[in-house]
1. Restricting attention to segment 17-34, report how many residues are assigned to a helix (DSSP H, G or I) and either in contact with a Pro (Cβ under 9 Å, 6 or more places away or on another chain) or surrounded by fewer than 19 Cβ atoms within 10 Å (Cβ to Cβ) (or both).
2. In the list Val322, Val307, Val295, which residue meets the criterion of being modelled with pLDDT under 80, of a type in the set (Val, Ile, Thr), closer than 26 Å to Leu118 by Cβ and crowded, with 17+ Cβ neighbours inside 10 Å?
3. Tell me which strands (runs of 3 or more DSSP E) are completely within segment 114-197 and hold 2 or more residues being at pLDDT 80 or above, or say none if there are none.
4. Scan segment 229-281 residue by residue and report those that are acidic (Asp, Glu), surrounded by 13 or more Cβ atoms within 10 Å (Cβ to Cβ) and at pLDDT 90 or above.
5. I need a count of the residues in segment 360-370 that are over 18 Å from the mean Cα position of the chain (by Cα) and surrounded by 12 or more Cβ atoms within 10 Å (Cβ to Cβ).
6. With Ser238, Ser210, Ser230 as the choices, which residue is in contact (Cβ under 8 Å) with a residue 60 or more places away in the chain and over 20 Å from the mean Cα position of the chain (by Cα)?
7. For segment 1-48, how many residues meet the condition of being on the phi > 0 side of the Ramachandran plot and of a type in the set (Gly, Ala, Ser)?
8. Output the number of residues of segment 151-164 satisfying the condition of being of a type outside the set (Val, Ile, Thr) and surrounded by fewer than 17 Cβ atoms within 10 Å (Cβ to Cβ).
Amino acid sequence: MSIIIFIVILLVLVVSHEFGHFIVAKLNKIRVDEFSFGFPPKLFGKKIGETTYNFNLLPLGGYVKIYGENVDETDMLEVGFLDKDADPEKVELAKRSMVNKPKYIQAFVLVAGIVMNLLVAWLLLSIGFMSGLPTSVGNAPKGAIIKNQALTITNVAPNSPALASGIKVGDKIIALSTPTDSTRLLSSNLGPESIQNFVKAHGGEVVTASLVRGKEPINIVVTPEVNKTSGVAVIGISMDTIGTLKLPIHRAIWEGLILTKDVTVGTVVGFYNLIHGALIGKADMNSLTGPVGIVGVVGDAAKFGFVYLLSFTALISINLAVINLVPFPALDGGRLLFLLIEKIKGSRIKPKVANTVNAIGFGLLMLLMVIITYPDIVKLF
């Protein structure tokens, strides 16, 4: 079931991204030859006007084929066809090719997919606030009432006792106890500081964590590990008091926009730190999750409820937007960089050079995907 949900999410987000390219190209009178849901082989399709709409067998996103997006796809794209002696039909065709449009229009078409992903995230988060979105008490909007507050696990550190014991992000802490100590840390006096003190006092001992996962109460046994550097016992979790925030429509839309902005900025900073760390050889690859890992997270989000799934989908949509903005070959950001270079140098980049660089970039992205996905696959066995 998790795989099906993930495929549906991927289809919606990728098709939304491609629809952004599609609609802006259409609005600027650029010819769009094909808009496809999924990837070949083709199941069926219908041509409406000049565009063929296809439904393909593999529902892993989709794509749009814009005429003139690749400079060498046809000799009709040569500027020479715009001369006065050229065939009128070829002149008209060349005028409607993306490559012959002004640079700012080409940039609009490329950026449109990114903008669409951000709009989708805004819509989903707004719907979440209307329905009741899990929100940190510390980050609640002024005057908002947060119901059903609970101390919730927000992060589980890699290679930690918490991860090994099966504790997950989203679990709500009800109580902590040990079989050797009559003291029991109950929900009435729970807080990050009290839990840290309890764990410190029981380093190396077996601790029973009473949790609520979704709506199901569970008990998990975990042994705090003494950190070799600090000498303090830890189990490897981060916590926050989180409750449900439900807002009226007008305010939900505004807070959805604010949250979209905040998450986008945070994601950009996170990617910058990751890339910077990679360049200096200090990148933490454990912080990355491939498609296999995301399937598991989607399943967990679905178990917690529809609103959790909405907010997680919004997070993926924002990540897609930020990734595509990176100025790397084969991504929208890479194509934008090519446009900037052409604008500065006053002439086009040779098609052979552009296509070769994009092919290399695509290959490197696939290699990175394999590297990221491999640890997720290993965890399955």
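1. In the first step, residues of segment 17-34 are kept if they are assigned to a helix (DSSP H, G or I); the result is 17-27.
Then keep just the ones that are either in contact with a Pro (Cβ under 9 Å, 6 or more places away or on another chain) or surrounded by fewer than 19 Cβ atoms within 10 Å (Cβ to Cβ) (or both); that gives 19, 23, 26-27.
Adding up the residues that qualify gives 4.
2. Values: Val322 fails: modelled with pLDDT under 80; Val307 fails: modelled with pLDDT under 80.
After applying the criteria, what remains is Val295.
3. Details: elements: 133-136, 146-156, 172-178, 181-185.
Hits in segment 114-197: 133-136, 146-156, 172-178.
4. Step one: filter segment 229-281 for residues acidic (Asp, Glu), giving 240, 255, 262.
Cutting the leftovers down to surrounded by 13 or more Cβ atoms within 10 Å (Cβ to Cβ) gives us 240, 255.
Passing the criteria: only Glu255.
5. Quick first cut of segment 360-370, residues over 18 Å from the mean Cα position of the chain (by Cα) only: 360-364, 367.
Filter once more, so that each one left must be surrounded by 12 or more Cβ atoms within 10 Å (Cβ to Cβ): 360-364.
The qualifying residues number 5.
6. Numbers: Ser210 fails: in contact (Cβ under 8 Å) with a residue 60 or more places away in the chain; Ser230 fails: in contact (Cβ under 8 Å) with a residue 60 or more places away in the chain.
Exactly one residue qualifies, and that residue is Ser238.
7. Qualifying residue count, segment 1-48: 1.
8. 6
The values are calculated or read from the model by the stated rules, or taken from the named source; none is laboratory data. Just so you know, these numbers come straight off a predicted model, no measurement behind them. Glycine gets a Cβ as well: all are built from the backbone with ideal geometry, and neighbour counts include every protein chain shown.
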